[in-house]
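To keep things clear, I will list the structure first and then write my remarks on it.
No lab work stands behind these numbers, since they all come straight from the coordinates. Treat the numbers as computed from the prediction; the structure is a model and nothing was measured. Using ideal geometry, Cβ is built from the backbone for each residue, glycine included, and neighbour counts are taken over all protein chains shown.
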Amino acid sequence: MNRTPKIAPSILSADFAAFGAEVRALETAGADWIHVDVMDGHFVPALTFGPAMCAALRAHVATVMDVHLMIAPVDPWIEQFAQAGADILTAHVEAGPHIHRTLQAIRAAGVRPGVALNPGTPAVAVEPLLGLVDVVNVMTVNPGFGGQAFLPVEDKIAAIRAMIGDRPIHVEVDGGIDAATAPRAVAAGADVLIAGTAVFRGGPGTYARNIAALRAAGASAS
Ligand code: DX5
Ligand code: ZN
């Protein structure tokens, strides 16, 4: 089985004064998707980007703009993030009481829907949603900050991969992914590795090496 994962660098670890150049450097270095962490200072403690920033970034993203919404409520913002050019819009299952409506609204806006779940949320929380999504983001840290340690949720990743069966749904892992944790996540069933710290460490001259190392580590999973 080919386990070579996609690598999605999180620009949360980028130079905030140079996002366009950073995205181009990441794609030249082999990034498959560009992961954009939207935080609202409410659902998570930190505050990051809005739709205007995503719209500005769009011109620099030649691959896939994967927008992770760590916001509540989600629904009032869907249209603006769709207009901003998101390819994937991921909402947290914990972010509101009407997640089907949210995911349907994302699809209706012409964007691929994703659902994210926090480390403390069980796999069954996304089971009723698998008919509505193209992506499941299994958080491997509590969202809100880069640079946190990977939480061992491999059993949950495996349970979700089993629930998905042969449906064409990506399983992302997000948080604390490096060359040591990537094989654990891929062995459990992840096929998209989101990484901030492990990609950006060392500066632009090291992005290609860091991305290749993550991909190789993931592919080595047994
Ligand atoms: C965490 C974010 C992640 C984060 C990953 O709230 O969703 O995307 O940037 O960063 P690292 O790889 O540093 O854990
Ligand atoms: Zn993220």
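Of note, Q104 does not satisfy the criterion of being surrounded by fewer than 17 Cβ atoms within 10 Å (Cβ to Cβ), in contact with a Cys (Cβ under 9 Å, 6 or more places away or on another chain) and over 22 Å from L193 (Cα atoms).
Can you tell me which residue among R107, R24, R58, R101 is in contact with a strand residue (DSSP E or B) (Cβ under 6 Å, 6 or more places away or on another chain) and among the basic types (K, R)? Show your work before the answer.
Details: R24 fails: in contact with a strand residue (DSSP E or B) (Cβ under 6 Å, 6 or more places away or on another chain); R58 fails: in contact with a strand residue (DSSP E or B) (Cβ under 6 Å, 6 or more places away or on another chain); R101 fails: in contact with a strand residue (DSSP E or B) (Cβ under 6 Å, 6 or more places away or on another chain).
Only one candidate passes the filter, namely R107.
Under the condition of being in contact with a helix residue (DSSP H, G or I) (Cβ under 8 Å, 6 or more places away or on another chain), away from ligand 1 (no atom under 14 Å from the Cβ) and closer than 26 Å to S222 by Cβ, the residues counted in the range 184-205 number 5. For the range 30-43, does any single residue satisfy the condition of being more than 13 Å from ligand 2 (Cβ to nearest atom), touching a residue at least 60 places away in the same chain (Cβ under 8 Å) and surrounded by fewer than 16 Cβ atoms within 10 Å (Cβ to Cβ)? No, because not a single residue in the range 30-43 is more than 13 Å from ligand 2 (Cβ to nearest atom), touching a residue at least 60 places away in the same chain (Cβ under 8 Å) and surrounded by fewer than 16 Cβ atoms within 10 Å (Cβ to Cβ). Being loosely packed, with under 15 Cβ neighbours inside 10 Å, among the hydrophobic types (A, V, I, L, M, F, W, C) and assigned to a helix (DSSP H, G or I) is the filter here, so list the residues in the range 140-178 that pass it. Answer for the range 140-178, where residues must be loosely packed, with under 15 Cβ neighbours inside 10 Å, among the hydrophobic types (A, V, I, L, M, F, W, C) and assigned to a helix (DSSP H, G or I): just A162. Does V67 satisfy the condition of being surrounded by 19 or more Cβ atoms within 10 Å (Cβ to Cβ), over 14 Å from the mean Cα position of the chain (by Cα) and among the hydrophobic types (A, V, I, L, M, F, W, C)? Answer is no for this residue.
Could you list all residues from the range 169-191 that are within 11 Å of ligand 2 (Cβ to nearest atom) and under 10 Å from the mean Cα position of the chain (by Cα)? E172, V173, D174, G175, listed by residue number. Across the range 188-222, the qualifying residues are those that are without any contact (Cβ under 8 Å) to a residue 40 or more places away in the chain and among the hydrophobic types (A, V, I, L, M, F, W, C), and the one among them that is nearest to D155 (Cα to Cα) is A188. Just so you know, in the range 192-215 the residues that are within 16 Å of the chain's Cα centre (by Cα) and away from ligand 2 (no atom under 16 Å from the Cβ) include one that is nearest to D37 (Cα to Cα), and it is I211.
Within the range 107-139, the residues that satisfy the criterion of being in a loop (DSSP other than H, G, I, E, B) and exposed (fewer than 15 other Cβ atoms within 10 Å of the Cβ) are G110, G120, P122, G131.
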